[in-house]
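The values are calculated or read from the model by the stated rules, or taken from the named source; none is laboratory data. Predicted model, so just to flag it, every value in this text is computed and none were measured. Neighbour counts run over all protein chains shown; Cβ positions are idealised from the backbone, glycine included.
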Amino acid sequence: MDTVDCIVVGAGVVGLACARKLALCGLETIILERADAYGTETSSRNSEVIHAGIYYPQGSLKARLCVAGRSQLYDYAARKGVAHRRCGKLIVATSADQDARLKTIAEKAAACGVTDLALLDGAEARRLEPALACTSALLSPSTGIIDSHGLMRAFLGDAESAGAMLSLNNEMVAGQIDGGQFVLRTRDTKTGAEFSLAARHLVNAAGLWAGGVAGALAGLHPRHVPQTRYARGSYFAVPGRAAFSRLIYPVPEPGGLGVHLTLDLGGNMRFGPDVEWIESIDYRTSAARRDHFQTEIRKYWPALPDAALEPTYCGIRPKLSGPDEPAADFVLDGPAEHGIKGLVNLFGIESPGLTASLALAEVVAQKLNPDLRERGARA
């Protein structure tokens, strides 16, 4: 049975960021991924937005790690040549009763360290985006977009250069704590063959499957495994030339940020995600949601052409709160929380997980061992 310094379960953007960090700290690291490629679920089924850190409660992990991670991510993308653009966004009020909510959003964002927001009246917003309909808007110049696949490719390249190894089609099915190390039973998802691996450190960054991974680890009390809820979000595209140069967001709604307009790096428009609570993982998209999207979009873009929306893809958020409940924070449980040396579980890593990925990785390393330091030249 092979023994390594660290096993990271999950090769999404956060798992890869963690593996990169740990490998740069000199830990021999294996990344287990149940799919046949990295980043096939939440990490590639999102809006690819670099968030400024606007919406989250002061002092929360989401607020702190989004603000820190945003700065790190822009620096990293520039240094590594990962395609990105600081395009900015407008959060728009489309009725008078929403104007006060924008001011509240700005005040809460400032308390979290986001100090570059600007309140605009309707005329000022339309001078920036002539196709926009709104009564007022909040301009966020620090919001941007990034090639999420390019980012994951860069994270993996750094990790592998530092000695990490990615093991695809390799699913953790059970584990136990034995003599100060973690002994995992894994299964090849193509052949069914089973293997055993041992590690001195274990990072559970399995995203949608993090609860199942934690629940399969003998010795971890069930009270440290929160229930994961699934919120599916669909996306629709409008072909042709983009009507906007910035991202356009409505005021937030329960469970999400509303049906917003994002741009990809090619300048194409896509709308979403909405919020649809589901019981199991299901990536089927439905054209039946087009009417809802059209209604929401026309609140801020009345000129949306009839029948222009085309369903594209959907993503699923791993949430720790359900319908009509306050949005839950990230949960990063290390030895101080569950009492097991060498184990970190990451739960509820939804938006802004991509933006916060580098900052999340730093917290994970600190929880594993406060004395860990990157070795040699920084990748």
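Cβ separations smaller than 6 Å between residues 6+ apart or across chains give the following pairs from the range 332-343 residues that are in contact (Cβ under 8 Å) with a residue 40 or more places away in the chain to residues that are crowded, with 20+ Cβ neighbours inside 10 Å and of a type in the set (Val, Ile, Thr): Leu332/Val363. The residues in the range 1-41 that are out of contact with any Cys (no Cβ under 8 Å at 6 or more places or on another chain), of a type in the set (S, T, N, Q) and at pLDDT 95 or above can be counted, and the count is 1. Could you list all residues from the range 81-116 that are in contact with an Asp or Glu (Cβ under 8 Å, 6 or more places away or on another chain) and either without any contact (Cβ under 8 Å) to a residue 12 or more places away in the chain or of a type outside the set (A, V, I, L, M, F, W, C) (or both)? Correct list: His84 only.
Could you check the range 174-195 and list, in sequence order, the residues that are in contact with a strand residue (DSSP E or B) (Cβ under 6 Å, 6 or more places away or on another chain) and not in a loop (DSSP other than H, G, I, E, B)? If the condition is that a residue be in contact with a strand residue (DSSP E or B) (Cβ under 6 Å, 6 or more places away or on another chain) and not in a loop (DSSP other than H, G, I, E, B), then Ala174, Gly175, Gln176, Gln181, Phe182, Val183, Leu184, Arg185, Thr186, Arg187, Glu194, Phe195 are the ones that fit.
Among the residues examined, Gly353 qualifies as within 13 Å of the chain's Cα centre (by Cα), among the small types (Gly, Ala, Ser) and under 16 Å from Val8 (Cβ atoms). Asp75 satisfies every condition listed in (1) among the charged types (D, E, K, R); (2) farther than 20 Å from Leu139 by Cα; (3) in contact (Cβ under 8 Å) with a residue 12 or more places away in the chain except (3). Restricting the range 268-296 to residues that are aliphatic (A, V, I, L, M) and in a helix (DSSP H, G or I), which is surrounded by the most Cβ atoms within 10 Å (Cβ to Cβ)? This residue is Ala287. For Val14, the test of being over 24 Å from Cys112 (Cα atoms), in the same structural domain as Asp158 (by TED's automatic domain parsing) and in contact (Cβ under 8 Å) with a residue 60 or more places away in the chain is failed.
The residues on offer are Tyr235, Tyr249, and the sole one that is touching a Leu at 6+ places or on another chain (Cβ under 9 Å), in contact (Cβ under 8 Å) with a residue 40 or more places away in the chain and either surrounded by fewer than 22 Cβ atoms within 10 Å (Cβ to Cβ) or outside any loop (DSSP other than H, G, I, E, B) (or both) is Tyr249.
Within the range 15-48, the set of residues being out of contact with any helix residue (DSSP H, G or I) (no Cβ under 7 Å at 6 or more places or on another chain) and among the small types (Gly, Ala, Ser) comprises Gly15, Gly26, Ala35, Ala37, Ser47.
A residue that is surrounded by 22 or more Cβ atoms within 10 Å (Cβ to Cβ) and hydroxyl-bearing (Ser, Thr, Tyr) occurs somewhere in the range 19-37.
For beta carbons closer than 9 Å, sequence separation of 6+ or different chains, a first residue in the range 267-279 that is under 20 Å from Pro252 (Cα atoms) and a second that is part of a loop (DSSP other than H, G, I, E, B) and of a type in the set (Val, Ile, Thr), the qualifying pairs are Phe271/Val259; Gly272/Val259; Pro273/Val259; Asp274/Val259. Taking the range 243-267 as the range and being at pLDDT 95 or above and either over 21 Å from the mean Cα position of the chain (by Cα) or of a type in the set (Lys, Arg) (or both) as the test, the residues that pass are Ala243, Phe244, Ser245, Arg246. Counted as qualifying within the range 66-173 are the helices (runs of 4 or more DSSP H) with 2 or more residues that are of a type outside the set (A, V, I, L, M, F, W, C) and either assigned by TED's automatic domain parsing to the domain that holds Ala11 or buried (at least 20 other Cβ atoms within 10 Å of the Cβ) (or both), namely 148-161. Considering only the range 326-347, state which residues are more than 25 Å from Thr40 (Cβ to Cβ), of a type in the set (A, V, I, L, M, F, W, C) and part of a loop (DSSP other than H, G, I, E, B). Within the range 326-347, Ala327, Ile340 meet the criteria.
For the range 41-65, the tally of residues that are more than 13 Å from the chain's Cα centre (by Cα) and assigned by TED's automatic domain parsing to the domain that holds Ala210 stands at 0. Of the residues Ala198, Ala210, Ala206, the single one that is of a type in the set (Gly, Ala, Ser), surrounded by fewer than 22 Cβ atoms within 10 Å (Cβ to Cβ) and at pLDDT 95 or above is Ala198.
Against the condition outside any helix (DSSP H, G or I) and within 30 Å of Ser95 (Cβ to Cβ), how does Pro370 come out, does it pass? Taking the combined requirement at face value, the residue does not satisfy it. Would it be correct to say that Pro323 is over 22 Å from Tyr230 (Cα atoms), modelled with pLDDT of 90 or more and part of a loop (DSSP other than H, G, I, E, B)? No: the conditions fail for Pro323.
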